[in-house]
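Working notes, structure below.
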Amino acid sequence: SQTIHQWPATLVQPVGSPLSLECTVEGTSNPNLYWYRQAAGRGLQLLFYSVGIGQISSEVPQNLSASRPQDRQFILSSKKLLLSDSGFYLCAWSVLTRYNEQFFGPGTRLTVL
Amino acid sequence: EDKVVQSPLSLVVHEGDTVTLNCSYEVTNFRSLLWYKQEKKAPTFLFMLTSSGIEKKSGRLSSILDKKELFSILNITATQTGDSAVYLCAVATSGTYKYIFGTGTRLKVLA
(Lines give C-alpha, C1' and ligand atoms only; values in the text may rest on other atoms or scores of the structure.)
Protein backbone atom coordinates (compact mmCIF):
# COMPACT_ATOMS: atom_id res chain seq x y z
CA SER A 1 0.00 0.00 0.00
CA GLN A 2 1.03 3.57 -0.51
CA THR A 3 2.30 5.78 2.29
CA ILE A 4 3.43 9.37 2.38
CA HIS A 5 5.91 10.79 4.85
CA GLN A 6 6.63 14.35 5.82
CA TRP A 7 9.18 15.76 8.19
CA PRO A 8 9.61 17.45 10.46
CA ALA A 9 6.19 17.29 12.11
CA THR A 10 6.62 20.68 13.78
CA LEU A 11 9.10 23.48 13.28
CA VAL A 12 9.71 26.84 14.91
CA GLN A 13 11.97 29.15 12.92
CA PRO A 14 13.02 32.80 13.25
CA VAL A 15 12.17 35.31 10.56
CA GLY A 16 14.85 35.39 7.87
CA SER A 17 16.02 31.83 8.42
CA PRO A 18 16.00 29.19 5.65
CA LEU A 19 13.49 26.37 5.34
CA SER A 20 13.54 22.86 3.98
CA LEU A 21 10.56 20.52 4.25
CA GLU A 22 10.72 17.06 2.79
CA CYS A 23 8.05 14.71 1.53
CA THR A 24 8.47 11.16 0.27
CA VAL A 25 5.98 8.68 -1.09
CA GLU A 26 6.28 4.90 -0.92
CA GLY A 27 4.44 2.18 -2.77
CA THR A 28 3.78 3.95 -6.04
CA SER A 29 5.76 5.23 -8.98
CA ASN A 30 5.53 8.43 -10.97
CA PRO A 31 3.05 10.11 -8.63
CA ASN A 32 1.84 13.67 -9.03
CA LEU A 33 3.05 15.55 -5.96
CA TYR A 34 1.65 18.67 -4.34
CA TRP A 35 2.51 21.20 -1.65
CA TYR A 36 -0.34 23.01 0.07
CA ARG A 37 -0.37 25.54 2.88
CA GLN A 38 -3.20 26.00 5.32
CA ALA A 39 -3.20 29.11 7.48
CA ALA A 40 -5.01 28.91 10.81
CA GLY A 41 -8.75 28.58 10.24
CA ARG A 42 -8.39 28.85 6.48
CA GLY A 43 -8.69 26.60 3.46
CA LEU A 44 -5.98 24.83 1.51
CA GLN A 45 -3.81 26.96 -0.74
CA LEU A 46 -1.99 25.10 -3.52
CA LEU A 47 1.64 26.23 -3.63
CA PHE A 48 3.36 23.87 -6.08
CA TYR A 49 2.69 20.70 -7.96
CA SER A 50 4.88 18.33 -9.93
CA VAL A 51 4.06 15.69 -12.52
CA GLY A 52 7.60 14.36 -12.83
CA ILE A 53 11.24 14.68 -11.80
CA GLY A 54 12.42 18.25 -12.22
CA GLN A 55 8.97 19.45 -13.33
CA ILE A 56 7.56 22.07 -10.98
CA SER A 57 4.50 24.26 -11.45
CA SER A 58 4.13 27.25 -9.17
CA GLU A 59 0.70 28.50 -8.24
CA VAL A 60 1.50 31.39 -5.95
CA PRO A 61 4.55 33.63 -6.49
CA GLN A 62 6.22 34.15 -3.13
CA ASN A 63 9.46 33.45 -1.34
CA LEU A 64 9.04 29.68 -1.49
CA SER A 65 10.41 27.20 -4.02
CA ALA A 66 10.01 23.51 -4.64
CA SER A 67 12.17 20.79 -6.12
CA ARG A 68 11.69 17.18 -7.10
CA PRO A 69 15.11 15.56 -7.22
CA GLN A 70 13.75 12.00 -7.29
CA ASP A 71 10.53 10.39 -8.49
CA ARG A 72 9.01 10.07 -5.03
CA GLN A 73 10.64 12.99 -3.24
CA PHE A 74 9.32 16.54 -3.09
CA ILE A 75 11.06 19.35 -1.21
CA LEU A 76 9.74 22.76 -0.22
CA SER A 77 12.33 25.45 0.49
CA SER A 78 12.80 29.06 1.36
CA LYS A 79 15.94 31.16 1.62
CA LYS A 80 14.41 33.65 4.07
CA LEU A 81 11.22 32.97 5.98
CA LEU A 82 8.59 35.64 6.57
CA LEU A 83 6.10 35.82 9.44
CA SER A 84 3.35 35.17 6.88
CA ASP A 85 4.91 31.80 6.04
CA SER A 86 3.55 30.35 9.28
CA GLY A 87 0.99 27.63 8.70
CA PHE A 88 0.32 23.96 8.23
CA TYR A 89 2.18 22.57 5.22
CA LEU A 90 0.72 19.53 3.57
CA CYS A 91 2.24 17.29 0.95
CA ALA A 92 -0.14 15.23 -1.16
CA TRP A 93 0.08 12.71 -3.95
CA SER A 94 -2.14 11.39 -6.68
CA VAL A 95 -1.75 9.03 -9.59
CA LEU A 96 -2.88 9.95 -13.05
CA THR A 97 -5.83 7.64 -13.42
CA ARG A 98 -9.07 8.63 -14.97
CA TYR A 99 -10.48 10.19 -11.83
CA ASN A 100 -7.54 11.12 -9.59
CA GLU A 101 -7.97 10.51 -5.90
CA GLN A 102 -5.55 12.58 -3.84
CA PHE A 103 -4.07 11.62 -0.47
CA PHE A 104 -2.32 13.76 2.11
CA GLY A 105 0.74 13.34 4.25
CA PRO A 106 0.67 14.07 8.00
CA GLY A 107 1.75 17.69 7.57
CA THR A 108 4.33 20.03 9.06
CA ARG A 109 3.22 22.78 11.39
CA LEU A 110 5.55 25.75 10.87
CA THR A 111 5.68 28.73 13.20
CA VAL A 112 7.81 31.69 12.16
CA LEU A 113 8.68 34.04 15.02
CA GLU B 1 -11.91 31.48 -12.46
CA ASP B 2 -12.57 28.01 -11.06
CA LYS B 3 -14.13 28.00 -7.61
CA VAL B 4 -15.63 25.70 -5.02
CA VAL B 5 -18.00 27.07 -2.38
CA GLN B 6 -19.05 25.22 0.74
CA SER B 7 -21.94 25.96 3.03
CA PRO B 8 -22.60 26.47 5.81
CA LEU B 9 -19.25 27.75 7.04
CA SER B 10 -19.91 26.27 10.45
CA LEU B 11 -22.54 24.20 12.13
CA VAL B 12 -23.26 23.14 15.71
CA VAL B 13 -25.54 20.17 16.34
CA HIS B 14 -26.30 17.69 19.08
CA GLU B 15 -25.44 14.03 19.05
CA GLY B 16 -27.99 12.03 17.10
CA ASP B 17 -28.85 14.87 14.72
CA THR B 18 -28.57 14.50 10.95
CA VAL B 19 -26.55 17.11 9.04
CA THR B 20 -26.24 18.01 5.38
CA LEU B 21 -23.15 19.79 4.11
CA ASN B 22 -23.18 21.50 0.74
CA CYS B 23 -20.56 21.97 -1.93
CA SER B 24 -21.16 23.88 -5.16
CA TYR B 25 -18.63 24.38 -7.90
CA GLU B 26 -17.88 26.32 -11.03
CA VAL B 27 -14.98 24.77 -12.90
CA THR B 28 -14.02 24.14 -16.46
CA ASN B 29 -13.39 20.51 -17.36
CA PHE B 30 -14.78 18.80 -14.27
CA ARG B 31 -13.20 15.43 -13.57
CA SER B 32 -14.27 14.40 -10.05
CA LEU B 33 -15.37 15.76 -6.69
CA LEU B 34 -13.75 14.66 -3.46
CA TRP B 35 -14.77 14.96 0.20
CA TYR B 36 -12.28 15.00 3.08
CA LYS B 37 -12.54 15.11 6.86
CA GLN B 38 -9.96 17.17 8.71
CA GLU B 39 -9.53 17.06 12.45
CA LYS B 40 -6.49 18.74 14.01
CA LYS B 41 -4.19 17.12 11.48
CA ALA B 42 -4.07 16.26 7.78
CA PRO B 43 -7.26 15.72 5.75
CA THR B 44 -8.42 12.14 5.41
CA PHE B 45 -10.15 10.99 2.25
CA LEU B 46 -13.85 10.16 2.49
CA PHE B 47 -15.39 9.90 -0.98
CA MET B 48 -14.75 10.53 -4.62
CA LEU B 49 -17.72 11.20 -6.88
CA THR B 50 -17.65 11.17 -10.64
CA SER B 51 -21.19 10.42 -11.83
CA SER B 52 -24.45 12.17 -11.08
CA GLY B 53 -27.07 10.48 -8.97
CA ILE B 54 -24.97 7.62 -7.64
CA GLU B 55 -24.78 7.70 -3.87
CA LYS B 56 -21.55 6.80 -2.15
CA LYS B 57 -22.02 5.46 1.35
CA SER B 58 -19.74 4.60 4.23
CA GLY B 59 -21.41 3.85 7.52
CA ARG B 60 -23.33 6.93 8.63
CA LEU B 61 -21.83 9.10 5.89
CA SER B 62 -23.17 9.37 2.39
CA SER B 63 -22.65 11.68 -0.53
CA ILE B 64 -24.16 12.37 -3.91
CA LEU B 65 -23.25 14.49 -6.90
CA ASP B 66 -25.44 16.52 -9.25
CA LYS B 67 -23.41 17.43 -12.34
CA LYS B 68 -26.28 19.30 -13.93
CA GLU B 69 -26.77 21.68 -11.00
CA LEU B 70 -23.04 21.59 -10.12
CA PHE B 71 -23.21 20.60 -6.49
CA SER B 72 -22.67 17.79 -4.05
CA ILE B 73 -23.98 17.07 -0.57
CA LEU B 74 -22.46 15.15 2.29
CA ASN B 75 -24.92 13.68 4.77
CA ILE B 76 -24.05 12.47 8.23
CA THR B 77 -26.78 10.65 10.13
CA ALA B 78 -26.90 9.96 13.87
CA THR B 79 -23.98 12.31 14.46
CA GLN B 80 -21.44 11.57 17.16
CA THR B 81 -18.91 13.81 18.91
CA GLY B 82 -16.21 12.08 16.85
CA ASP B 83 -17.74 13.59 13.73
CA SER B 84 -16.60 17.03 14.89
CA ALA B 85 -14.15 18.23 12.23
CA VAL B 86 -13.76 20.45 9.21
CA TYR B 87 -15.19 18.84 6.09
CA LEU B 88 -13.46 19.83 2.87
CA CYS B 89 -14.75 19.56 -0.66
CA ALA B 90 -12.39 19.58 -3.65
CA VAL B 91 -12.82 19.35 -7.40
CA ALA B 92 -10.29 17.76 -9.72
CA THR B 93 -10.14 19.12 -13.24
CA SER B 94 -9.20 17.49 -16.51
CA GLY B 95 -6.35 18.94 -18.48
CA THR B 96 -4.48 20.04 -15.36
CA TYR B 97 -3.46 18.09 -12.33
CA LYS B 98 -4.86 20.57 -9.87
CA TYR B 99 -7.49 20.28 -7.18
CA ILE B 100 -9.59 23.25 -6.21
CA PHE B 101 -10.60 23.25 -2.55
CA GLY B 102 -13.44 24.95 -0.79
CA THR B 103 -12.82 26.66 2.53
CA GLY B 104 -14.57 23.89 4.42
CA THR B 105 -17.50 23.47 6.80
CA ARG B 106 -16.63 23.33 10.49
CA LEU B 107 -18.94 20.86 12.23
CA LYS B 108 -19.19 20.67 16.00
CA VAL B 109 -21.24 17.90 17.56
CA LEU B 110 -22.23 18.43 21.18
CA ALA B 111 -22.76 15.53 23.56
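Quick one: is A:Q6 at pLDDT below 95, in a strand (DSSP E or B) and either buried (at least 20 other Cβ atoms within 10 Å of the Cβ) or facing chain B (nearest Cβ under 10 Å) (or both)?
When the stated conditions are applied, A:Q6 does not pass them.
When you go through A:Y49, A:Y36 one by one, which is the residue that is under 30 Å from B:T105 (Cβ atoms), crowded, with 21+ Cβ neighbours inside 10 Å and touching a residue at least 24 places away in the same chain (Cβ under 8 Å)?
From the options A:Y49, A:Y36, the qualifying one is A:Y36.
Could you tell me whether any residue of the range A:67-81 is aromatic (F, W, Y), surrounded by 14 or more Cβ atoms within 10 Å (Cβ to Cβ) and modelled with pLDDT of 95 or more?
Yes, the range A:67-81 contains at least one residue that is aromatic (F, W, Y), surrounded by 14 or more Cβ atoms within 10 Å (Cβ to Cβ) and modelled with pLDDT of 95 or more.
Among (1) farther than 27 Å from A:R37 by Cβ; (2) free of Cβ contacts under 8 Å to residues at least 60 places away in the same chain; (3) outside any loop (DSSP other than H, G, I, E, B), there is one condition B:V12 misses while meeting the rest; what is its number?
That leaves (2) as the condition not met.
Go through the range A:77-91 and count every residue that is within 13 Å of the chain's Cα centre (by Cα) and over 11 Å from A:R37 (Cα atoms).
2
What is the residue count in the range B:8-24 for residues that are surrounded by 14 or more Cβ atoms within 10 Å (Cβ to Cβ) and touching a Ser or Thr at 6+ places or on another chain (Cβ under 7 Å)?
7
Testing B:S94 on (1) closer than 25 Å to A:F88 by Cα; (2) within 13 Å of chain A (Cβ to nearest Cβ); (3) more than 10 Å from the chain's Cα centre (by Cα), one condition comes back false. Which one is that?
Evaluating B:S94 over (1) closer than 25 Å to A:F88 by Cα; (2) within 13 Å of chain A (Cβ to nearest Cβ); (3) more than 10 Å from the chain's Cα centre (by Cα) leaves (1) as the failure.
Which residues, counting only those in the range B:25-57, are without any contact (Cβ under 8 Å) to a residue 40 or more places away in the chain, in contact with an Asp or Glu (Cβ under 7 Å, 6 or more places away or on another chain) and either surrounded by 17 or more Cβ atoms within 10 Å (Cβ to Cβ) or more than 11 Å from every other protein chain (Cβ to nearest Cβ) (or both)?
B:M48, B:S52
So that you can scan it fast, the table gives a plain yes or no per residue for (1) β-branched (V, I, T); (2) surrounded by 15 or more Cβ atoms within 10 Å (Cβ to Cβ); (3) at pLDDT 95 or above:
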| site | (1), (2), (3) |
| --- | --- |
| A:V15 | yes, no, yes |
| A:N30 | no, no, no |
| A:G54 | no, no, no |
| A:L110 | no, yes, yes |
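Just for strands (runs of 3 or more DSSP E) wholly inside the range A:50-113: which have at least 1 residues that are away from every other protein chain (no Cβ under 12 Å) and in contact with a helix residue (DSSP H, G or I) (Cβ under 6 Å, 6 or more places away or on another chain)?
A:108-112
Any residue in the range B:71-90 that is within 14 Å of chain A (Cβ to nearest Cβ) and out of contact with any strand residue (DSSP E or B) (no Cβ under 6 Å at 6 or more places or on another chain)?
Scanning the range B:71-90, I find no residue that is within 14 Å of chain A (Cβ to nearest Cβ) and out of contact with any strand residue (DSSP E or B) (no Cβ under 6 Å at 6 or more places or on another chain), so the answer is no.
The values are calculated or read from the model by the stated rules, or taken from the named source; none is laboratory data. Fair warning: this is a prediction, and the values are worked out from it, not measured in the lab. Here Cβ is always computed from backbone atoms with ideal geometry, including for glycine, and neighbour counts include all displayed protein chains.
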